[in-house]
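Reading through the structure tokens given below for one structure.
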Amino acid sequence: MDAITEIRLTFFEECDEQLALLDRGLADLAAGTGEDTIGIVYRAVHSIKGGAASFDLHELSRFAKMFEGVLGEIRAERLVANAQTHELLARARSVLGYLVEVARSRDSIFAELRDLVPGAEAETATPEAAAEDAPSGEPLDLSEFGFTPVSVDFEEEGPSRYGIVFRPRPELYANANESARLIREVLSLGDGEVALDADEVPLLDALEAEGAYLTWTITLSTQRGESAIREIFDFAEFDCDLDITCLDAPTADDVDDEVTGDLDPEVAALFARLQAEA
């Protein structure tokens, strides 16, 4: 058994464990019992979603992401779960389990079918057919429409800089997350620097073993955008304080300078006077 197959099997074993947690959590959630029930349920679905994405199980990952989104709304208290919601969550759990089973058995069943009837795979297009369907590469004649093509140079935008302030709460460590791993994943998006703020660490006699006192400030230059940064903290969203600021965003003064810079000098002077009087 190769390493990838072994890791894949481990993933499905973990799916079974997460589905069992999900079953107990949904039952407790419907009954209004249990501690941090919505957090347990949310993390179970999130774990399945993350593993499915790693193995390119797109249908499973997509469904788990939608399921997780609803649970996230309940966890953030933006959605109140009623009897109808609990019934929907139970049905979503059934579909999630079905998709896990389909993903687990698909490869092995496909291999059995292939061995039973060799060559039964879907036919692929021959190189000749592909060549016939491919575009000729010749430009279209649009002159009859009165249109003259022009070349446009789209310059690739450079990376943007972000300031990220990350302060874990005790719950982050209690849920087996690591701040160091999250920081490493952020830095993998581009080039960055990390500064540690330990000013809130108390003296030894006041230090709590399960406390969280450190804050990290990360300056990151990346082309991936803010959404990629937030996705890293998705799992720990409710267990930390997170602030992300685009350092390249124009300020109000920048916008004013840009506007007045393109105006006629007399109009620009009038614009400045109106601003001063406002």
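Data for the structure
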{"item": "FRET efficiency estimate (nearest 0.05) - Cβ-Cβ, ALA76 to ASP56, R0 22 angstrom", "result": "0.15"}
{"item": "Mean shadow area of region 1-46, taken as a quarter of the surface of its Cα convex hull (nm²)", "result": "3.2 nm²"}
{"item": "P(r), alpha carbons of region 3-116 - 5 Å bins starting at zero, rounded %", "result": "2, 11, 22, 23, 16, 11, 7, 4, 2, 1, 0"}
{"item": "Charge context of PRO168, other residues only, Cβ under 10 angstrom, K/R +1, D/E -1", "result": "-2"}
{"item": "For region 160-246, convex hull volume per residue from C-alpha positions, Å³", "result": "83 Å³"}
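Laboratory data are not the source of any read-out in this text; all were calculated from the coordinates shown. Computed from a predicted structure; not experimentally measured. Glycine gets a Cβ as well: all are built from the backbone with ideal geometry, and neighbour counts include every protein chain shown.
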